[in-house]
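Quick notes on the structure that follows.
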Amino acid sequence: MRRYFSAGICFLICHFIVSAQDDRNFEISKNLDIFNSLYKELDMFYVDTLNTEKVIRSGIDAMLSGLDPYTDYISEKESDDFKFLTTGEYAGIGSTIMLGKDSRVVISDPYEGMPAQKGGLKAGDIILEIDGENMVGKSSSEVSAKLKGQAGTIVKIKLERPGEKKPFIKEIKRENIQINSVTYSGMVNDKTGYIYLSGFTDKSGGELRYAILDLINNRKAEKLILDLRNNLGGILESAVQTVNFFVPKGKDVMSTKGKIKQWNRNYKTTIEPIAPNIPLVVLVNNSSASASEIVSGALQDLDRAVIVGNRTFGKGLVQTTREIGYNGTLKVTIAKYYIPSGRCIQAIDYAHRDENGSADYIPDSLTTEFSTAGGRKVRDGRGITPDFTVEGEKSGNIAYYLVAENIIFDYATQYAIKHPFIAPVENFSLSDADYNDFKQYVKSKDFTYDRQTAKYLKNLKEIAEFEGYLDSASSEFAALENKLAPDLDRDLDKFKSQIVRMLSAEIVKRYYYQKGEIIENLKDDEDLKKAIEILNDPELYKKTLNVPS
């Protein structure tokens with residue numbers, strides 16, 4: 001009797017499961033039919049002709065926007081850009097571009113040794129035509145598409161260069177461009193090596209391995225700093241490979257857990273490390289994300305490196321790609337990842353949104369405590385919290401607008417025209433006379449910038465007037481307005497040190513390209529100073545990692 005009863009229960013459970021699945025399949029089929037019928041009716045009866053690709057893409061984007069920012073549809077037109085993110089490769093001239101003033105696209109950053117730089121293109125050059133087609137008024141993406149093409153082909157670019165009277169044409173042979181993930185490596189003192197890793201591509205592991213061995217074997221580095229600041233991530237396997245350079249074979253690096261069992265995987269180190277014992281500090285900031293957080297988080301959980309900087313972005317989600325026809329690709333979030341302590345560092349809860357559809361950060365009060373291999377306490381959610389947090393200098397609003405309005409970029413262009421050569425990066429410094437010249441340049445451009453204090457003060461006055469307090473507080477408001485009045489000279493002097501650093505980096509890049517920019521930025525880098533301090537104090541290093549003396 002019991003056997004028949006059990007069989008009956010199983011039958012009912014299976015029935016309910018099948019029924020629920022049938023209901024779900026019906027809902028999917030019904031809603032797809034509704035969408036299909038709706039578009040056909042619009043296409044037939046709407047007063048204006050519909051742009052099919054644009055309308056359907058808007059619908060796709062709206063559907064995906066309710067999930068998370070990483071689930072995305074990549075059309076055939078966008079496939080080259082996506083490939084570049086994962087491989088660092090494309091065919092073109094090897095330069096970044098940006099939209100300048102008057103709706104004209106400008107060469108912003110030619111890469112050293114690439115066709116643009118070898119062909120004589122300079123930062124600040126304005127692109128007028130490509131292969132005889134007018135580019136004025138085109139978007140950066142449209143111009144970028146015209147510059148790219150099959151390796152070995154010639155592209156004719158008509159340019160206007162500041163300081164020269166007539167436009168000119170450059171013929172540049174496109175090449176297969178490989179942007180290295182290891183942008184710079186070198187010694188920051190006689191015993192400490194430094195590596196800046198900009199991303200995780202399918203080739204970054206080989207580049208990083210070479211840089212580590214070069215610093216240890218050839219430059220005799222006894223300590224190492226790995227800089228992952230502003231590294232937005234990339235390929236998961238490359239992150240695991242990076243951890244393996246410093247961690248013994250067979251150690252857990254991360255695991256993934258998703259709705260489908262095939263996405264549940266454990267990732268371990270698979271080979272013997274090349275630098276198992278070298279003291280290691282990893283630099284991170286708010287723009288260190290995804291694969292950068294796997295590396296920094298795993299090294300923290302395994303008590304293998306001291307983490308310095310600011311709390312990371314907090315992306316604990318994993319994506320894969322699915323081909324969906326017509327050369328389109330769906331990049332879809334399939335799992336969450338968990339680093340060795342068992343924590344997931346995802347900061348934003350996309351599954352639970354407020355009534356306005358907005359997702360919010362997981363509050364610290366709802367995070368859970370975990371332990372590293374050595375027993376140190378760490379928490380999930382909200383990214384990786386460094387072992388040493390470095391408070392950066394308060395940035396002035398004026399600095400943001402000097403960059404956003406291309407004032408710093410344009411001044412660096414003028415500086416390069418007046419100065420054919422500058423000192424080596426290590427010896428370069430912007431003089432007081434140079435900065436005074438910059439101040440005069442800013443004033444000549446009728447530069448204005450938004451001040452948040454003025455906006456909030458205006459709002460406060462409106463509220464005070466509405467509530468009937470403005471008349472009684474008019475003198476106080478007048479005094480505050482006077483103190484908060486925009487003063488360009490004052491702000492250029494108050495935030496001089498910050499502006500000088502940004503200006504110096506932009507100028508140096510005109511002569512020594514990306515490597516020079518990194519070296520210049522490291523001169524007064526508080527995170528780097530802290531990293532060196534920790535590495536120069538073996539007891540502090542060991543104490544931080546709970547390593548016995």
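The values are calculated or read from the model by the stated rules, or taken from the named source; none is laboratory data. Owing to the predicted nature of the structure, the values given are computational and were not obtained by experimental measurement. Every residue, glycine among them, receives a Cβ derived from its backbone with ideal geometry; neighbour counts consider all protein chains shown. To get the accessible areas, we keep the full protein, side chains included, count just its heavy atoms, and leave off ligands, DNA and RNA. Shrake-Rupley method; radii C 1.70, N 1.55, O 1.52, S 1.80 Å.
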- Message: Need a quick list: strands (runs of 3 or more DSSP E) entirely within the range 269-344 having at least 1 residues that are without any contact (Cβ under 8 Å) to a residue 60 or more places away in the chain and within 20 Å of the chain's Cα centre (by Cα).
- Response: 280-284, 317-323
- Item | Hey, residue 533 free of Cβ contacts under 8 Å to residues at least 40 places away in the same chain, surrounded by 15 or more Cβ atoms within 10 Å (Cβ to Cβ) and part of a helix (DSSP H, G or I) or not | no
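Counting just the residues of the range 235-244 that are closer than 17 Å to residue 198 by Cα and free of Cβ contacts under 8 Å to residues at least 40 places away in the same chain, which one comes out surrounded by the fewest Cβ atoms within 10 Å (Cβ to Cβ)?
First, pick out the residues of the range 235-244 that are closer than 17 Å to residue 198 by Cα: 235-243.
Those still in the list that are free of Cβ contacts under 8 Å to residues at least 40 places away in the same chain too: 237, 241.
Working: 237: 13, 241: 22.
Out of the qualifying residues, it is 237.
Mind telling me which of the residues 497, 444 ends up being free of Cβ contacts under 8 Å to residues at least 60 places away in the same chain and not aliphatic (A, V, I, L, M)? Quick ask: steps written out before the conclusion?
On the way: 497 fails: free of Cβ contacts under 8 Å to residues at least 60 places away in the same chain.
Matching residue, one of 497, 444: 444.
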- Item | Matching residues in the range 127-158 - criterion: being open to solvent by 50 Å² or more (accessible area, probe 1.4 Å), farther than 12 Å from residue 92 by Cα and of a type in the set (A, V, I, L, M, F, W, C) | 136
- Item | Tally, over the range 159-189, of residues that are open to solvent by less than 60 Å² (accessible area, probe 1.4 Å), polar (S, T, N, Q), under 19 Å from residue 295 (Cα atoms) and within 19 Å of the chain's Cα centre (by Cα) | 2
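Taking the condition of being assigned to a loop (DSSP other than H, G, I, E, B) and under 20 Å from the mean Cα position of the chain (by Cα), how many residues in the range 72-111 meet it? Working first, answer last.
Looking only at the range 72-111, we keep the residues that are assigned to a loop (DSSP other than H, G, I, E, B), and these are 75, 88, 93-94, 100, 104, 111.
Restricting the remaining residues to those that are under 20 Å from the mean Cα position of the chain (by Cα) gives 88, 94, 111.
Total satisfying the criteria: 3.
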- Residue list for the range 341-399, filter: open to solvent by 40 Å² or more (accessible area, probe 1.4 Å), in contact with a Phe, Trp or Tyr (Cβ under 7 Å, 6 or more places away or on another chain) and under 30 Å from residue 488 (Cα atoms): 397
- Task: Please determine, by comparing only the residues of the range 29-71 that are open to solvent by less than 80 Å² (accessible area, probe 1.4 Å) and aliphatic (A, V, I, L, M), which one is nearest to the chain's Cα centre (by Cα).
- Result: 64
- Message: Give me the residue from the range 202-219 that is touching a residue at least 24 places away in the same chain (Cβ under 8 Å) and farther than 21 Å from residue 283 by Cβ and, out of that set, surrounded by the fewest Cβ atoms within 10 Å (Cβ to Cβ).
- Response: 202
- Query: Can residue 105 be described as at pLDDT 95 or above and more than 24 Å from residue 289 (Cβ to Cβ)?
  - Reply: yes
- Query: Quick check: is even one residue across the range 72-88 without any contact (Cβ under 8 Å) to a residue 60 or more places away in the chain, open to solvent by 60 Å² or more (accessible area, probe 1.4 Å), of a type outside the set (Ser, Thr, Tyr) and touching a Ser or Thr at 6+ places or on another chain (Cβ under 8 Å)?
  - Reply: no
- Selection within the range 89-103 - crowded, with 18+ Cβ neighbours inside 10 Å, over 23 Å from residue 233 (Cα atoms) and aliphatic (A, V, I, L, M): 93
- Which number in (1) touching a helix residue (DSSP H, G or I) at 6+ places or on another chain (Cβ under 9 Å); (2) more than 27 Å from residue 235 (Cβ to Cβ); (3) surrounded by fewer than 19 Cβ atoms within 10 Å (Cβ to Cβ) marks the one condition that residue 106 misses? (3)
- Query: Of the residues in the range 190-201, how many are open to solvent by less than 50 Å² (accessible area, probe 1.4 Å) and either of a type outside the set (Phe, Trp, Tyr) or without any contact (Cβ under 8 Å) to a residue 40 or more places away in the chain (or both)?
  - Reply: 7
- Quick check: is even one residue across the range 285-294 within 18 Å of residue 380 (Cα to Cα) and of a type in the set (Asp, Glu)? yes
- Query: So how many residues does the range 252-278 have that are of a type outside the set (A, V, I, L, M, F, W, C) and open to solvent by 40 Å² or more (accessible area, probe 1.4 Å)?
  - Reply: 13
- Item | Near pairs, Cβ below 7 angstrom, 6+ apart or cross-chain, from the range 45-61 (part of a helix (DSSP H, G or I)) to any residue that is open to solvent by less than 90 Å² (accessible area, probe 1.4 Å) | 60/73
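In the range 345-398, how many residues are among the basic types (Lys, Arg), within 14 Å of residue 303 (Cα to Cα) and either at pLDDT below 90 or assigned to a loop (DSSP other than H, G, I, E, B) (or both)? If you could, list the steps in order and put the result at the bottom.
The initial filter retains those residues of the range 345-398 that are among the basic types (Lys, Arg), namely 353, 376-377, 379, 382, 394.
Now narrow it down to the ones that are within 14 Å of residue 303 (Cα to Cα): 376-377.
Okay, now just the ones that are also either at pLDDT below 90 or assigned to a loop (DSSP other than H, G, I, E, B) (or both), so 376.
Qualifying residue count for the region: 1.
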- Item | Pairs with Cβ under 7 Å, 6+ apart, first in the range 501-518 and touching a residue at least 60 places away in the same chain (Cβ under 8 Å), second basic (Lys, Arg) and open to solvent by less than 50 Å² (accessible area, probe 1.4 Å) | 516/509
- For the range 112-191, please list each of the strands (runs of 3 or more DSSP E) lying entirely inside it that holds at least 3 residues being modelled with pLDDT of 95 or more. 126-130, 154-160, 168-173, 182-187
